[in-house]
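The values are calculated or read from the model by the stated rules, or taken from the named source; none is laboratory data. The model shown is predicted, which means the values in this text are computed figures rather than measured ones. Counting neighbours? That spans all protein chains shown, and the Cβs are built from the backbone with ideal geometry, glycine included.
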Amino acid sequence: MRLVVLLVAAFVIAPHTFGADPALSGHSAKLYEQAKSGKWFADAAKLKPEIAATSDSESFIVIWKPNKEPKRWIVSLHGSNGFATDDLALWHPHVKDRDVGLVCLQWWLGKDATPDYYTPKQVYHEIEIALQKLGVKPGTVMLHGFSRGSANSYAVAAMDAGRGQKYFSLCVASSGGVGLDYPATRAISKGEYGEHPLKGTRWITVAGKHDSHPDRDGIAGMKRTAEWLKEQDANIVESIEDPNEGHGALMRNPKNARRVMELFFNEKR
């Protein structure tokens, strides 16, 4: 009997063991099942992250941190039809030996349609809730967006800097140029997130020479984006242009990811 009690207690204390599903319900649970088809899901599961439902129970957030409470965090937004679990697996090799935690938002809701993504406003709302629950201090977070996540990161960063908690000390736009006709981007110039909300924000842009959409997400597209950010009085910390890579040059070449981490950890406070 005592052995049975101990086994039950162990299960209650550690529900997120490898292979165990998190306590999600409704659409968030269905979406997590869908995430299991991700290329790197098994690698992410081995890290035993915390999986939390979003405030509307439509999606989920993946949270990972080292053994001690980290002083810095990375918030990552995946690309089109991507999974937050895959983002965790891709980032982990670059953060595992550093004092940094990861928050990856599943902002694609599982269908192959443009409206089936959280809006930048919803994205920031969920990020803000997660970081507040974690007790994260303003100015200690790096915002990373890949591809579609990058294209939406400009509005997310503007919300944080203009009328938000000012969590982001550095933003990384990876293979995803700014869309000037995108309503959320137009809202920046209209002052909907505050007056000159991107002023003083710090950015790293990353692109590969062989991107299949060079004028949008490749070197040309990210050069254009960097110029636009400068027009918003943002600061370009560095532009990484990989001559040998394509879409996703940041993660495809570990050297690029290491450079980003160096800049994040060596920034002046």
- Item | Pairs where the first residue, in segment 214-225, is without any contact (Cβ under 8 Å) to a residue 40 or more places away in the chain and assigned to a helix (DSSP H, G or I) and the second is basic (Lys, Arg) and surrounded by fewer than 18 Cβ atoms within 10 Å (Cβ to Cβ), C-beta under 9 Å, 6+ apart | Ile219/Lys209
- Which ones in segment 35-50 are surrounded by fewer than 22 Cβ atoms within 10 Å (Cβ to Cβ) and either in contact with a strand residue (DSSP E or B) (Cβ under 7 Å, 6 or more places away or on another chain) or assigned to a loop (DSSP other than H, G, I, E, B) (or both)? Lys36, Ser37, Gly38, Lys39, Trp40, Leu47, Lys48, Glu50
- Message: So for segment 200-211 (the condition being of a type in the set (Gly, Ala, Ser), in contact (Cβ under 8 Å) with a residue 12 or more places away in the chain and within 21 Å of Ile74 (Cα to Cα)), does at least one residue qualify?
- Response: yes
- Residues that are buried (at least 20 other Cβ atoms within 10 Å of the Cβ) and either aliphatic (A, V, I, L, M) or part of a helix (DSSP H, G or I) (or both), drawn from segment 180-213: Ala184, Ile188, Leu198, Ile204, Val206, Ala207
- Message: Here is a list: Asn244, Asn253. Which entry is farther than 13 Å from Val172 by Cβ and either modelled with pLDDT under 95 or buried (at least 17 other Cβ atoms within 10 Å of the Cβ) (or both)?
- Response: Asn253
- List every residue pair whose Cβ atoms lie under 9 Å apart, where the two residues are 6 or more positions apart in sequence or sit on different chains, the first residue falls within segment 48-69 and is basic (Lys, Arg), and the second residue, located anywhere, is crowded, with 19+ Cβ neighbours inside 10 Å and assigned to a strand (DSSP E or B). Lys48/Trp64; Lys65/Trp73; Lys65/Val100; Lys65/Gly101; Lys65/Leu102
- Task: Look at Ser57 and say whether it is modelled with pLDDT of 50 or more, touching an Asp or Glu at 6+ places or on another chain (Cβ under 9 Å) and of a type in the set (S, T, N, Q).
- Result: no
